[in-house]
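This report concerns only the one structure given below.
The values are calculated or read from the model by the stated rules, or taken from the named source; none is laboratory data. The model shown is predicted, which means the values in this text are computed figures rather than measured ones. In this analysis, Cβ positions are derived from the backbone assuming ideal geometry, glycine residues included, and neighbour counts consider all displayed protein chains.
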Amino acid sequence: MNTTRRTVLKGATASGVLAGLIAAGALRPTQVMAAEWNKAAFEAKDMAGALKGLGAGSPADSKDLILKAPDIAENGAVVPVDVVSNIPKTTSIAILVEKNPLPLCASFEFANGALAEASARLKMGQTSLVKAVAKADGKFYTAQKEVKVTVGGCGG
Amino acid sequence: MKQNIIGALCALAVMGGAFAQAPKKPAAKPAAAPAAEAKDAATLEFEKFRAEMEDSNPAELFEAKGQELWKSKRGPKNVSLAETCDLGQGVGKIDGAYVKMPRYFADADAVMDAERRIVWCMVEKQGFKFDDIAKQPFANETFTPDITNLVTYVAGHSRNMKIAVPLNDPKVREAYETGKEIAAYRAGPYDFSCNTCHGVEGKRIRMQNLPNLSTPKGAMSGVQGWPGYRMTGGVMLTHQWRMGDCFRQQRFPQPKYASDAIAYLLTYMIGNANGQVYKGPGIKR
Amino acid sequence: MADPMKIRAQLKGDVTEIRVLMGHPMETGQRKDAAGATVPAHFIQSMTVDVGGKRVVDGQIATAVSRNPVFGFKVKGAKVGDKVVVSWVDNKGDKRTDEAAVA
């Protein structure tokens with residue numbers, strides 16, 4: 001089973017091969033590896049580094065990428081953020097907090113009927129810009145909002 | 001009973017008096033309300049924020065743990081609370097029990113709040129030692145005691161029910177009146193009483209409004225949301241914890257865990273909230 | 001064994017709204033405990049959501065996600081009774097899988 005998986009993932013272009021194997025019962029969906037953790041992006045200490053790690057470079061502002069977050073967070077430990085991408089063919093959304101020690105918080109890939117939409121609760125160390133980055137049809141887009149924080153989320 | 005409490009507080013006052021020889025302005029003086037406009041905008045934002053947090057409240061995780069604890073045979077006597085503990089509604093009956101406490105329990109000959117009663121059951125029925133529980137009775141960032149999970153579970157079973165402390169019971173009424181006196185009792189190095197912060201309308205500390213616990217509406221603000229998941233530190237905390245933390249903020253010595261004094265204060269506060277709907281475990285700053 | 005998740009999946013019109021509450025300390029590795037020692041990083045690194053046997057969300061997570069994380073997603077094409085399976089793996093290799101049915 002493991003050899004099959006390794007071989008398949010090394011050579012396979014596609015979801016076609018994997019889908020076939022899943023359908024055949026040879027690979028259960030939960031066995032397919034989740035995407036490898038993007039160390040370069042998650043361990044970047046500034047926004048530019050995180051964007052570079054995501055391969056996003058300088059994403060274009062888009063009004064079709066909607067970022068919802070409170071104007072003032074009562075507590076920086078749990079800031080609710082909701083991102084909706086109305087950009088056609090969006091395949092992934094990443095959420096970043098500019099002034100956090102490590103800006104990239106999470107990134108999600110969507111498939112099989114999932115809407116390009118995700119919400120999460122984030123830790124914010126201080127008042128900062130919250131940024132969403134969406135990948136659609138190979139191109140990157142962004143939207144941002146400033147969230148004021150009254151109590152630091154990192155133990156303040 | 002009452003004599004002992006006032007006596008204890010007098011002792012505190014004497015200690016406090018020693019510190020207060022050179023009177024200083026209290027550091028944490030509650031601020032007056034700021035410009036009305038700014039306060040309302042922030043308050044509205046925070047209410048929205050709280051509503052979002054309450055939908056998928058991490059308190060649910062602790063409620064689930066509490067359910068397991070309530071139903072499992074535990075302790076030296078190897079029995080479950082479900083089969084032995086009477087919270088006032090019959091053995092093992094938890095629906096509506098939280099909102100009907102504090103109440104007088106004849107088997108303990110005491111007025112008890114929910115936490116105190118569950119601890120009593122753990123000790124008397126399951127054989128746990130009170131001192132072991134009292135050693136670390138409240139949660140911190142890495143540890144949540146069993147009692148906290150149990151209180152959360154029991155409180156969850158009073159969700160959307162009206163507070164109904166039995167003030168017609170003379171023992172409960174006595175506890176209420178004692179609690180009212182304690183709330184007015186000034187002591188400690190800053191000469192604070194509970195009422196200094198919570199006995200008047202319109203006070204706040206930083207961005208937190210301070211409810212006036214002597215009124216029905218204010219009292220309900222004080223009761224609502226406990227036990228609560230505290231966003232600061234991601235910790236599950238109970239009403240009993242909050243009372244102790246007030247003592248700390250007043251620069252009073254810490255109260256004994258699950259004590260008479262706290263039971264009386266809770267009877268006063270929760271009694272004042274009678275008739276209003278309790279929403280279950282909540283979320284706190 | 002890690003705490004069970006609370007999963008809610010509600011079909012509203014043709015969209016299923018999924019809400020997951022996970023029990024996890026999500027330690028950043030920057031916090032000091034009462035004794036002054038640094039608490040090592042311990043956080044969910046990846047999570048997946050499957051609906052009706054199909055992978056719908058593949059998430060990579062870092063320490064800036066709150067303790068006891070809550071995530072929300074929306075999916076089209078599911079029907080009442082479909083199985084929603086959520087899994088996570090943390091940086092220590094601990095994992096958890098729970099499921100719920102679309103209601």
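Residue-level analysis places C:Met47 outside the set of residues that are surrounded by 22 or more Cβ atoms within 10 Å (Cβ to Cβ), more than 10 Å from chain A (Cβ to nearest Cβ) and within 17 Å of the chain's Cα centre (by Cα). Can you confirm whether the range B:154-172 contains a residue that is in a helix (DSSP H, G or I), more than 16 Å from B:Cys246 (Cβ to Cβ) and out of contact with any helix residue (DSSP H, G or I) (no Cβ under 8 Å at 6 or more places or on another chain)? Yes.
Here is a yes/no grid of residues against (1) under 14 Å from the mean Cα position of the chain (by Cα); (2) buried (at least 20 other Cβ atoms within 10 Å of the Cβ); (3) within 22 Å of B:Gly233 (Cα to Cα); (4) acidic (Asp, Glu):
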residue: A:Thr91; (1), (2), (3), (4): yes, no, no, no
residue: A:Val97; (1), (2), (3), (4): yes, yes, yes, no
residue: A:Pro101; (1), (2), (3), (4): no, no, yes, no
residue: A:Leu104; (1), (2), (3), (4): yes, yes, yes, no
residue: A:Phe110; (1), (2), (3), (4): yes, yes, no, no
residue: A:Leu115; (1), (2), (3), (4): yes, no, no, no
residue: A:Lys131; (1), (2), (3), (4): yes, yes, no, no
residue: A:Ala143; (1), (2), (3), (4): yes, yes, no, no
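Scanning the range B:263-285 for residues that are in contact with an Asp or Glu (Cβ under 7 Å, 6 or more places away or on another chain) and β-branched (Val, Ile, Thr) yields a single hit, B:Ile283.
Residues in the range C:50-103 that are free of Cβ contacts under 8 Å to residues at least 40 places away in the same chain, crowded, with 18+ Cβ neighbours inside 10 Å, out of contact with any Gly (no Cβ under 7 Å at 6 or more places or on another chain) and outside any strand (DSSP E or B): C:Gly52, C:Ala62, C:Ala64. Evaluation of C:Asp3 against the conditions (1) within 14 Å of chain B (Cβ to nearest Cβ); (2) in contact with a Pro (Cβ under 9 Å, 6 or more places away or on another chain); (3) of a type in the set (Asp, Glu) shows that the sole unmet condition is (2). One residue alone among C:Ala41, C:Ala9 is in contact (Cβ under 8 Å) with a residue 12 or more places away in the chain, within 11 Å of chain A (Cβ to nearest Cβ) and either touching a helix residue (DSSP H, G or I) at 6+ places or on another chain (Cβ under 8 Å) or within 29 Å of B:Glu68 (Cβ to Cβ) (or both), and that residue is C:Ala41. Taking (1) at pLDDT below 90; (2) over 16 Å from the mean Cα position of the chain (by Cα); (3) surrounded by 13 or more Cβ atoms within 10 Å (Cβ to Cβ) in turn, A:Ala34 satisfies each apart from (2). The residue that is nearest to B:Thr148 (Cα to Cα), counting only those in the range B:101-133 that are in contact (Cβ under 8 Å) with a residue 60 or more places away in the chain and not in a helix (DSSP H, G or I), is B:Asp113. Out of the residues in the range A:64-75 that are facing another protein chain (nearest Cβ under 9 Å) and not hydrophobic (A, V, I, L, M, F, W, C), which is farthest from A:Lys123 (Cα to Cα)? By that ranking, first place goes to A:Asp71. On the basis of being modelled with pLDDT of 95 or more and not in a helix (DSSP H, G or I), does B:Tyr268 make the cut? Answer is no for this residue.
Candidates in the range A:80-114 are the residues that are more than 8 Å from chain C (Cβ to nearest Cβ) and of a type in the set (Val, Ile, Thr); of these, the one that is farthest from C:Ala41 (Cα to Cα) is A:Ile87.
The number of residues in the range B:210-234 being within 12 Å of another protein chain (Cβ to nearest Cβ) and at pLDDT below 95 comes to 5. When the range B:134-149 is filtered for residues that are without any contact (Cβ under 8 Å) to a residue 24 or more places away in the chain and under 18 Å from B:Gly66 (Cβ atoms), the ones remaining, listed by number, are B:Gln136, B:Phe143, B:Pro145.
Taken together, the residues in the range B:224-265 that are among the aromatic types (Phe, Trp, Tyr) and outside any loop (DSSP other than H, G, I, E, B) amount to 4.
Exactly one residue out of C:Ile18, C:Ile61 is more than 8 Å from every other protein chain (Cβ to nearest Cβ), closer than 20 Å to B:Leu61 by Cβ and touching a strand residue (DSSP E or B) at 6+ places or on another chain (Cβ under 9 Å): that is C:Ile18. Among the criteria (1) touching a Pro at 6+ places or on another chain (Cβ under 7 Å); (2) more than 14 Å from chain B (Cβ to nearest Cβ); (3) closer than 26 Å to A:Pro103 by Cβ, the one C:Lys74 does not fulfil is (1).
Only a single item in (1) out of contact with any strand residue (DSSP E or B) (no Cβ under 6 Å at 6 or more places or on another chain); (2) more than 10 Å from chain C (Cβ to nearest Cβ); (3) without any contact (Cβ under 8 Å) to a residue 40 or more places away in the chain is not met by A:Thr150, and it is number (3).
When the residues of the range B:194-220 are filtered to those that are within 18 Å of B:Ile262 (Cα to Cα), of a type in the set (Gly, Ala, Ser) and crowded, with 19+ Cβ neighbours inside 10 Å, the one that is farthest from the chain's Cα centre (by Cα) is B:Ser214. Among the residues making up the range C:8-34, a single one is crowded, with 18+ Cβ neighbours inside 10 Å, among the polar types (S, T, N, Q) and in a loop (DSSP other than H, G, I, E, B): C:Thr28.
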